[in-house]
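What follows is a set of notes on a single structure, which appears directly below.
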């Protein structure tokens, strides 16, 4: 990716820290917090932030001195996570094992198994969960999505609702073809400005070779955890069903 060629290791770490802190506090991240984290002066952090801003990785919301990641910043971060996951496959964590246990109890009924996997993802990620079951789209946890601070403004909610209304035709058209696909903010073909990310896994089920399970949440989220859970759930459903 050409846009990150000039990025130093420290800038990568600062970008990751901004993304991870922002996911946690749901507010712009300031230089004082980062200076403590990296044990350098606020001036050093401010100069690095200025460079990240020039690269289009972070931006300053009007009313704040702090910075938030842009879609491009998230994309760079998600690409590095994907590379890290590929080179070091992780053992299933507690969340993944909990999903497995729930799905196993329904292994004789594919529809129930998929629904219970979605419900587990909703509980663990606090996002909206979705899956295709035959020709039907199963959604769970809409309240989770709309209770996020990002969606307290009306225009955001309308955009997200439009995206949900069009999700099924969009999935058919986009046909995500990887075990894990991540669409961040403006990369979504619909609801480009709704500020959401769709993290979805394709798996083979008794219904179709192109069944999908995943979550839809704000662009501000714990990608590392959510990507691992979604990828693991897709692979596990394929195995169980």
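For the reader, a short list of remarks on this structure follows.
- Residue within the stretch 20-39 that is closer than 19 Å to residue 186 by Cβ and out of contact with any helix residue (DSSP H, G or I) (no Cβ under 7 Å at 6 or more places or on another chain) present: yes
- Output for the stretch 105-118, where each listed residue is out of contact with any helix residue (DSSP H, G or I) (no Cβ under 7 Å at 6 or more places or on another chain) and either part of a helix (DSSP H, G or I) or within 15 Å of residue 235 (Cα to Cα) (or both): 110, 111, 112, 115, 118
- For residue 89, the conditions (1) out of contact with any helix residue (DSSP H, G or I) (no Cβ under 6 Å at 6 or more places or on another chain); (2) assigned by TED's automatic domain parsing to the domain that holds residue 29; (3) part of a loop (DSSP other than H, G, I, E, B) all hold with the exception of (2).
- For the stretch 119-214, the strands (runs of 3 or more DSSP E) that sit wholly inside it and include 1 or more residues that are touching a residue at least 40 places away in the same chain (Cβ under 8 Å) and crowded, with 21+ Cβ neighbours inside 10 Å are 128-133, 181-184, 196-203.
- If you go through the stretch 215-228 and keep only what is touching a strand residue (DSSP E or B) at 6+ places or on another chain (Cβ under 8 Å) and either closer than 21 Å to residue 96 by Cα or free of Cβ contacts under 8 Å to residues at least 24 places away in the same chain (or both), you end up with 215, 216, 217, 221, 223, 226, 227.
The values are calculated or read from the model by the stated rules, or taken from the named source; none is laboratory data. Bear in mind that the values here come from a model prediction, so they are computed numbers and not experimental data. All Cβ positions, even for glycine, are placed from backbone atoms using ideal geometry, and neighbour counts span all protein chains on display.
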